[in-house]
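The values are calculated or read from the model by the stated rules, or taken from the named source; none is laboratory data. Since the model is a prediction, treat every value here as computed from it, not as a measurement. In this analysis, Cβ positions are derived from the backbone assuming ideal geometry, glycine residues included, and neighbour counts consider all displayed protein chains. SASA here: full protein model, heavy atoms, side chains in, ligands and nucleic acids out. Shrake-Rupley method; radii C 1.70, N 1.55, O 1.52, S 1.80 Å.
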Amino acid sequence: MKTAVPCYYHLDVEVSPERVGQVRRILAAHLRFWDLENLVEPVCGGAELLLNAIDEHATDKNTSIEMWWNGQHLITAIGDNDRDLRPDQDLRGCLEQIAAISDGWGCCATETGSKVIWFSQRARAGERVPLVPTAPAPSLREVLQVPREVPAAALAGPASTPDRVLEEAR
């Protein structure tokens, strides 16, 4: 992609039908800010699927959304707080769609009994930009003069002292 600077974003939201569209726009704005325009549709579409499913099936609508970008992969994770929401039953259709649009996905339980569903998108080989070191910016400090050449004979003599060599160089 365009940037290799690791990026992270976290959002806590109480899911409702009107908030799903707002969250989609917020995530899209962060992806554009990170210069990941081509991942907006699959990531926001996947997040929207999960948020709509949580809104439809969950009793506790408090949800956390996180995105991590490491320069090659973008991982989006959505965690809910509803212990009764079952991914294998309530979210089965949603997870099938997530699997179809993402490069990888998974679901894991947390210590509190809630669950986190994540999916990833990777940068395609043709879209990556190699890292190129940037040239240092010029400084406003005074530049030191390059030392003049000192004749070899002045350095070779046994009576040469550092002060004498500097005088001869001037």
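A few notes on this one:
- For the stretch 105-122, 3J(HN,Hα) computed residue by residue from phi via the Karplus equation (6.51, -1.76, 1.60; θ = phi - 60°) reads 7, x, 9, 9, 8, 9, 5, 7, x, 7, 9, 10, 10, 10, 8, 10, 10, 10 Hz, glycine and proline entered as x.
- Averaged over residues, the count of other Cβ atoms within 10 Å places the peptides 39-46, 57-64 in the sequence 39-46, 57-64, highest first.
- Label-point separation in nm, Gln97 to Ser64, each point 7 Å along Cα→Cβ: 2.5
- Were the residues from Arg19 through Glu41 laid out at 0.36 nm apart, the gain over their Cα-Cα distance would be 6.2 nm.
- Solvent-accessible area of Trp118 with every protein chain in place, 1.4 Å probe, in Å² to the nearest 10: 90
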